[in-house]
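What follows draws every value from the coordinates through simple rules; no lab data is involved. Note that the structure is predicted; figures quoted are calculated from it, not measured. Cβ atoms come from the backbone with ideal geometry, glycine included; neighbour counts cover every protein chain shown.
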Amino acid sequence: MRDRPIGSGLRIGRVNLGQGLILAPMAGITDLSFRLIARRFGADLVTSEMVSAEGVLRGNTSTRALLHTRPQERPLAVQLFGGEPRAVAEAARIVADRGADIIDLNMGCAVPKVTRQGAGAALLLDPARVGRMVTAVRQAVTVPVTVKIRSGWSRKQINAVEVARCAEDAGADAVTIHPRTTKQGFSGAADWDVISSITAAVSIPVVGNGDIRRPEHAKRMRDLTGCDGVMIGRAAMGNPWIFQQAKQLVAGELSRPPPPGERLDVMLDHLRLFQECRPGRPLLVGARSLIIWYSRGFPGSSQFRAALAGCSTCARMLEISRNFFAALGETSPQAEGEEMHEG
């Protein structure tokens, strides 16, 4: 059971994470440029894209690219996935030697190509193997080890509390829970009661994740569940201000959305970092996606996206973007209706 006061800040092992607002791992999204921007706007911890343990061990070129880091983004958690404890432990040792401040073990990815390997959410079907995985990694590294789980495999197999206890007993320093089942995917609502059940069952820090779409949702999750930290996913895409705004709400300060001009400036800076972090790699498709993130919720954004789709150069996309944001004046974006999916 818990022996620490709720709201006392988040510390995972020896890593102090302040208010505990964490950027979720998102495949194809939380690259180095995204993480640098999130840290700048108040994320207390950023997490890499999901990294294959086997890819680390093989020295795969694309896997190595996922591990590029800069001092400005630290503290950094690297999320590993794999189904074989010894392989994941050896990959964790390599990643920790490369500078990861925290090793996060993915036990929640519901993608079939991952679960078929006995990795990701498939581990929820065998809590004893969860324990063996955590034990192996804990023995291989000196940095904190965390796990990210779901509620269970299906509605008839809700076992998040059992899995969290197994992880704690095996030496995990914290657990993150996305309270949907594997079968549920990302449909329906996240069941925050599951987060409450885990905070009552373990003494290690608990991070809640799921359905955080606006800054006030982060505070609401803490108040309702007693969790120690909050993980924010795709609500931060094109909106890194969400971390800053969530902290302002806790401090009782007025939180305002950034004006379109500021949004454009940050988008351009994000694009610059995106290009810097991908030397020699194609820029057009990734840049288009990034620009679309920053335009979400504004009037005319669907027509804007259609115009971007017809662009064959980055210069033309930037010209259209500047015109779009200039025309918005002081317009604020509409709130997104759904948070999208993280790993």
Mean projected area in nm² (Cα convex hull; one quarter of hull surface) for region 45-182: 7.4
Specify the angular offset, from 0 to 90 degrees and rounded to the nearest 10, of the alpha carbon long axis of helix 314-328 from the longest principal axis of the alpha carbons in the chain. 80
Suppose R0 equals 56 Å; then what is the FRET efficiency for S332 and S154 from their Cβ-Cβ distance, rounded to the nearest 0.05? 0.90
Sequence neighbours fewer than 8 away in the same chain don't count; with that in mind, list the lysines whose C-alpha is under 17 Å from K247. K219
Please build a GNM for the chain, connecting alpha carbons under 10 Å apart, and tell me which residue among N209, N323, N239 fluctuates the most. N323
Translational diffusion coefficient (Stokes-Einstein; Kirkwood radius from C-alpha pairs) of the chain at 20 °C, 1.002 mPa s, in µm²/s: 105
Compute the helix-to-body angle for 260-276: its Cα long axis versus the longest principal axis of the chain, expressed 0 to 90° and rounded to tens. 60
Per the rule of 0.36 nm per residue minus the C-alpha distance, extending L254 to R58 adds in nm 65.6 nm
Taking amide H atoms as placed 1.01 Å from N in the peptide plane, list the residues 5 or more away in sequence, or in a different chain, whose amide H sits under 5 Å from that of I12. L17
Two pseudo-spin positions, 7 Å from Cα along C-beta at V285 and at A65, lie apart in nanometres by 1.1
Taking every pair of distinct Cα atoms and averaging 1/r, then inverting, what Kirkwood hydrodynamic radius in Å comes out for region 102-165? 11.9
Between 0 and 90 degrees, rounded to the nearest ten: what's the tilt of helix 127-140 against the longest Cα principal axis of the chain? 80
